[in-house]
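Written below as C-alpha cells is the structure these notes are about.
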Amino acid sequence: MPTKTLRIPTPDGQADAFAAFPEGGGRHPGVLMYADGFGIRPVLREMARELAGHGYYVLVPNSYYRHGPAPLIELPEYIGEEARPAVFAQLMPLIEAHTAERVLSDADAYLRFLTTRPEVGTGPVAVTGYCIGGLYAMRTAAAHPEQVAAVAAFHAPVGADGVGLFSRLTARVHLGHAEGDMTPEALGELNQALDAAGVGYTSEIYPGTVHGFTMSDTDAFSACGLKRHWERLLPLLRGQ
C-alpha cells in the first residue's frame, strides 16, 4: 500500500504523521489510528498498511510531536523484558506530558485534517488505538460524536477517565482487553457501565494475552490475539 509522510497543523505546532491508503486513487473511508506508548515505528506502519489494504485511508499521527518528530527515542528492533525499563524511563515523561487537554486539542486538528483530505470520502470516520492510544481514541470519539461512527481500543486503559466518558459516546465500540490487564469481574463492571450509558459495544477479554498483544515487535505479542483483533476491527469498521 502507498504511504505518505505528512505534517498536521495544530494549535501547538506541526504534528508529523504518516498515512497509508489503497492504490489506484479514489476516495476511501477515513481511519485515525493512535499508536501505543512506544509510538510510531515499523510495526505501526505495517498495521496501517494492512488496514489500508481493506480499503481505508489510515492516518497515524505522532502523539509526542511537541517534543520532536518520530522517532523521539531509539527503540530496539525487539522490545523484550530487558529493554523495557530503559525504554519506559525515556517514554514516561512524554506520556505524562500528553494531558487530556492536549489529546482533545490534537484530536480536533487530526479530524479536521483527515476529513478534508482529497483521498477521504465524505461522512463520519473511525478511530482506533492501542495501549494508551486506545484511551486517546475513546476520548476522541466522545468529544466528536458527530464525526466518529466507530471506535476500537485494544489493551487500553479505557476506564481511566471514569464512566462519564462513556455517556458521551454515540459511535459503535469494540474493546479488546488483554487477559493480563482485565479480570472477568472487572470486565463485568466495565460492561455494566457501558450498558448504563447506552453504548452500542462489544467488550471482551482476548484469551491468553498480556498487555501489548497486538505488537509483533514486543515480547507481549500474541499471533492469535492479533488475528482476533482484525476479526473484530474490520466488521466494526464496516458497520456490522
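The values are calculated or read from the model by the stated rules, or taken from the named source; none is laboratory data. None of these values were measured; they are calculated from a predicted model. All Cβ positions, even for glycine, are placed from backbone atoms using ideal geometry, and neighbour counts span all protein chains on display. All accessible areas refer to the heavy atoms of the entire protein, side chains included, with ligands and DNA or RNA removed. Shrake-Rupley method; radii C 1.70, N 1.55, O 1.52, S 1.80 Å.
Spin-label model, Ala89/Arg238: points 7 Å from Cα along the beta carbon direction are separated by 4.8 nm. When DSSP beta bridges are restricted to pairs lying wholly in the chain, around 30% turn out antiparallel. When both the range 190-240 and the range 142-160 are represented by their alpha-carbon centers, they are found 13 Å apart. Ordering Leu91, Leu72, Ala142 by Cα displacement along the dipole of the chain toward the positive end leaves Ala142 in first place; charges were set at the Cβ atoms of Lys, Arg (+1) and Asp, Glu (-1).
If R₀ is 25 angstrom, what is the calculated FRET efficiency for the pair Lys4 and Leu72, using the beta carbon separation as r and rounding to 0.05? Walk me through the intermediate numbers first.
Details: r = 21 Å, r/R0 = 0.83.
E(calc), rounded to 0.05, equals 0.75.
Scoring 18-28, 209-219, 85-95 by mean Cβ neighbours within 10 Å over their residues and listing the highest first yields 209-219, 18-28, 85-95. With r defined as the distance between the Cβ atoms of Gln14 and Thr202 and R0 fixed at 41 Å, what FRET efficiency is calculated, to the nearest 0.05? For R0 = 41 Å, the calculated efficiency reads 0.65. In this label model, Glu23 and Glu189 are separated by 5.1 nm, measuring between points 7 Å along each Cα→Cβ vector.
Here the simple spin-label model places points 7 Å from the Cα toward Cβ, and for Asp161 and Arg45 these points are separated by 3.1 nm. Taking 20 Å as the cut-off, the amide N atoms of the range 15-43 that come nearer than this to a point 7 Å along the Cα-to-beta-carbon line of Thr99 belong to 15. Size descriptors for the range 37-93 (Cα atoms only): Rg and Dmax, in that order, 13.1, 38 Å.
Once you divide the Cα radius of gyration of the chain by 2.2 N^0.38 Å, the number left is 0.94.
Evaluated at 37 °C with a viscosity of 0.692 mPa s, what Stokes-Einstein diffusion coefficient in µm²/s does the range 30-172 have when Rh comes from the Kirkwood expression over alpha-carbon pairs? Don't jump to the answer; show the numbers that get you there.
Details: Rh = 15.6 Å.
Calculated translational D: 210 µm²/s.
Compute the Rg/Rh shape ratio of the range 128-240: radius of gyration over Kirkwood radius, all on alpha-carbon atoms. Write down the numbers at each step before the final one.
Numbers: Rg = 13.0 Å, Rh = 13.8 Å.
A ratio of 0.94.
Could you work out the helix-only [θ] at 222 nm for the chain, with each DSSP H run of four or more residues adding -39,500 (n - 2.57) and the total divided by the number of residues, to the nearest 500 deg cm²/dmol? Write out the running numbers ahead of the final one.
Numbers: 6 runs with 81 residues, N = 240.
-11000 deg cm²/dmol, from helical runs alone.
To put it simply, the accessible area of the chain at a 1.4 Å probe is 54 percent carbon and sulfur.
In the full protein context, the chain carries 43 Å² of accessible surface per residue, based on a 1.4 Å probe and ignoring ligands, DNA and RNA.
So what's Rg/Rh here for the range 12-65, counting alpha carbon atoms and using the Kirkwood radius for Rh?
Working: Rg = 11.4 Å, Rh = 11.5 Å.
Result for the range 12-65 is an Rg/Rh of 0.99.
From the largest down, the range 112-176 spans 35, 21, 17 angstrom on the principal axes of its Cα atoms.
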